[in-house]
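Colleague: Before I ask anything, let me first share the structure, which is written out below as structure tokens.
The values are calculated or read from the model by the stated rules, or taken from the named source; none is laboratory data. Quick caveat, the model's predicted, so the values are computed rather than measured. Don't worry about glycine lacking a Cβ; one is built from the backbone with ideal geometry, like all the others, and counts go over all protein chains shown.
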């Protein structure tokens with residue numbers, strides 16, 4: 001019995017010792033990080049950590065045409081699975097209707113599309129409706145399918161498309177297919193995803209050192225635990241050297257040109273945006289790949305005919321105070337994006 005008591009005491013002491021070390025490490029990290037980055041940098045990491053509490057992965061559902069959408073959660077998310085509510089059909093006389101196709105850099109009720117709506121109305125475009133059809137993780141392929149199956153039915157006057165960053169994955173896997181099916185599968189959570197996601201979100205929002213490590217790996221906020229686990233073929237083979245030319249460049253160009261052509265054929269003005277990024281906040285192991293890849297996709301976007309191109313890359317890249325990580329905007333960054341987009345639309349006399 002005494003041996004059991006001794007073992008219990010050792011285990012208890014070990015647990016307390018580990019907990020003490022972890023608390024000490026976390027406390028020291030917060031103090032050092034605040035001293036090194038200042039209050040603004042510390043608050044930025046805090047916002048990233050807080051975003052981990054949202055667990056958006058549990059709010060996704062499978063979709064037959066474009067892999068997945070959000071789970072309906074009125075009024076924030078409409079029955080379509082996109083940020084709601086959706087504009088009514090038919091649209092009201094004199095209404096300016098804009099639809100946004102994009103990924104996590106455009107998704108959500110507080111992202112730049114909502115800020116663009118406020119800017120339009122504040123500047124006299126009172127009958128403006130912006131339908132946000134962006135979903136975290138989407139590529140131009142999903143964007144094209146969303147346009148075909150939902151976007152055009154909304155009778156838009158303007159179609160804004162913002163893609164590029166997620167598309168780069170297509171050039172990183174063997175057996176390239178233009179529809180990206182060589183690495184993407186229908187949405188399905190792995191059997192252990194629930195527990196892993198719960199653990200990840202708990203650690204992200206409570207342990208700044210964990211959140212910092214996660215962000216350094218390039219994992220964006222607001223996506224829960226590794227979205228790739230839900231949509232990536234387990235047998236997909238990474239290439240030793242990504243290929244962003246040849247078939248990849250042709251496929252991405254075709255997707256973006258198709259978005260422009262189909263929007264224009266429906267009587268809408270097509271607007272494309274390049275992808276801005278912060279090199280300094282990019283994970284070190286990914287910097288070269290992202291730099292090369294974004295150069296390709298942004299170059300393709302700039303070369304698309306018959307579209308208004310808003311070059312966010314040229315105007316915002318490198319301004320790291322506007323980014324939460326290497327690609328996603330802070331609230332100030334979203335304000336800046338909305339302002340640039342509004343001024344470009346106004347200058348083009350679309351409305």
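Colleague: Go through region 126-137 and give me each residue that's assigned to a loop (DSSP other than H, G, I, E, B), within 19 Å of residue 65 (Cα to Cα) and touching a strand residue (DSSP E or B) at 6+ places or on another chain (Cβ under 7 Å). Walk me through it before giving the result.
Modeller: Step one: filter region 126-137 for residues assigned to a loop (DSSP other than H, G, I, E, B), giving 126-127, 133-137.
Keeping just the survivors that are within 19 Å of residue 65 (Cα to Cα) gives 133-137.
Result: 133, 134, 135.
Colleague: In the list 194, 175, which residue meets the criterion of being exposed (fewer than 15 other Cβ atoms within 10 Å of the Cβ), at pLDDT 85 or above and either assigned by TED's automatic domain parsing to the domain that holds residue 310 or out of contact with any helix residue (DSSP H, G or I) (no Cβ under 6 Å at 6 or more places or on another chain) (or both)?
Modeller: None of the other options fit; the residue is 175.
Colleague: Would you pick out the residues in region 285-298 that are out of contact with any helix residue (DSSP H, G or I) (no Cβ under 7 Å at 6 or more places or on another chain) and free of Cβ contacts under 8 Å to residues at least 12 places away in the same chain?
Modeller: Listed by number, the residues that qualify are 285, 288, 295.
Colleague: Out of the residues in region 250-265 that are touching a residue at least 12 places away in the same chain (Cβ under 8 Å) and surrounded by fewer than 17 Cβ atoms within 10 Å (Cβ to Cβ), which is nearest to residue 344 (Cα to Cα)? Show your work before the answer.
Modeller: In the first step, residues of region 250-265 are kept if they are touching a residue at least 12 places away in the same chain (Cβ under 8 Å); the result is 250-264.
From the residues that got through so far, the ones that are surrounded by fewer than 17 Cβ atoms within 10 Å (Cβ to Cβ) too are 250, 254, 258, 261, 264.
Values: 250: 28, 254: 24, 258: 22, 261: 20, 264: 18 Å.
By that ranking, first place goes to 264.
Colleague: Quick check, is residue 278 touching a residue at least 12 places away in the same chain (Cβ under 8 Å), buried (at least 21 other Cβ atoms within 10 Å of the Cβ) and either in contact with a helix residue (DSSP H, G or I) (Cβ under 7 Å, 6 or more places away or on another chain) or in the same structural domain as residue 120 (by TED's automatic domain parsing) (or both)?
Modeller: Spelling it out, residue 278 is indeed touching a residue at least 12 places away in the same chain (Cβ under 8 Å), buried (at least 21 other Cβ atoms within 10 Å of the Cβ) and either in contact with a helix residue (DSSP H, G or I) (Cβ under 7 Å, 6 or more places away or on another chain) or in the same structural domain as residue 120 (by TED's automatic domain parsing) (or both).
Colleague: Quick check on region 130-152. Is at least one of its residues free of Cβ contacts under 8 Å to residues at least 40 places away in the same chain, assigned by TED's automatic domain parsing to the domain that holds residue 256 and farther than 30 Å from residue 247 by Cα?
Modeller: Taking every residue of region 130-152 in turn, at least one turns out to be free of Cβ contacts under 8 Å to residues at least 40 places away in the same chain, assigned by TED's automatic domain parsing to the domain that holds residue 256 and farther than 30 Å from residue 247 by Cα.
Colleague: Next question, about the same structure. May I ask you to list pairs of residues, at least six apart or on different chains, whose Cβ atoms are under 8 Å apart, with the first in region 11-27 being in the same structural domain as residue 212 (by TED's automatic domain parsing) and within 23 Å of residue 46 (Cβ to Cβ) and the second being at pLDDT 85 or above and in a helix (DSSP H, G or I)?
Modeller: What qualifies is 25/209; 26/208; 26/209.
Colleague: Any residue in region 302-311 that is buried (at least 21 other Cβ atoms within 10 Å of the Cβ) and in contact with a helix residue (DSSP H, G or I) (Cβ under 9 Å, 6 or more places away or on another chain)?
Modeller: Yes, there is a match, as at least one residue in region 302-311 is buried (at least 21 other Cβ atoms within 10 Å of the Cβ) and in contact with a helix residue (DSSP H, G or I) (Cβ under 9 Å, 6 or more places away or on another chain).
Colleague: Can you say whether residue 99 is assigned by TED's automatic domain parsing to the domain that holds residue 162, in contact with a helix residue (DSSP H, G or I) (Cβ under 8 Å, 6 or more places away or on another chain), surrounded by 22 or more Cβ atoms within 10 Å (Cβ to Cβ) and in contact (Cβ under 8 Å) with a residue 24 or more places away in the chain, as far as the supplied structure shows?
Modeller: yes
Colleague: To continue, here is another question. All but one of (1) in contact with a helix residue (DSSP H, G or I) (Cβ under 7 Å, 6 or more places away or on another chain); (2) free of Cβ contacts under 8 Å to residues at least 12 places away in the same chain hold for residue 181; which doesn't?
Modeller: Answer for residue 181: the failing condition is (1).
Colleague: Going residue by residue through region 35-56, is there one that turns out to be over 19 Å from residue 147 (Cα atoms), at pLDDT below 80, in a helix (DSSP H, G or I) and in contact with a strand residue (DSSP E or B) (Cβ under 6 Å, 6 or more places away or on another chain)?
Modeller: No; the residues of region 35-56 include none that is over 19 Å from residue 147 (Cα atoms), at pLDDT below 80, in a helix (DSSP H, G or I) and in contact with a strand residue (DSSP E or B) (Cβ under 6 Å, 6 or more places away or on another chain).
Colleague: Return a yes/no flag: does region 213-221 have any residue that is crowded, with 19+ Cβ neighbours inside 10 Å, modelled with pLDDT of 90 or more and either in a helix (DSSP H, G or I) or in contact with a helix residue (DSSP H, G or I) (Cβ under 6 Å, 6 or more places away or on another chain) (or both).
Modeller: Within region 213-221, not a single residue is crowded, with 19+ Cβ neighbours inside 10 Å, modelled with pLDDT of 90 or more and either in a helix (DSSP H, G or I) or in contact with a helix residue (DSSP H, G or I) (Cβ under 6 Å, 6 or more places away or on another chain) (or both).
Colleague: Of the residues in region 80-91, how many are under 21 Å from the mean Cα position of the chain (by Cα) and either part of a loop (DSSP other than H, G, I, E, B) or over 15 Å from residue 60 (Cα atoms) (or both)?
Modeller: Let us first name the residues in region 80-91 that are under 21 Å from the mean Cα position of the chain (by Cα), namely 80-86.
If we keep only those that are either part of a loop (DSSP other than H, G, I, E, B) or over 15 Å from residue 60 (Cα atoms) (or both) too, we end up with 80-82, 84-86.
Summing the residues that are under 21 Å from the mean Cα position of the chain (by Cα) and either part of a loop (DSSP other than H, G, I, E, B) or over 15 Å from residue 60 (Cα atoms) (or both) in region 80-91 gives 6.
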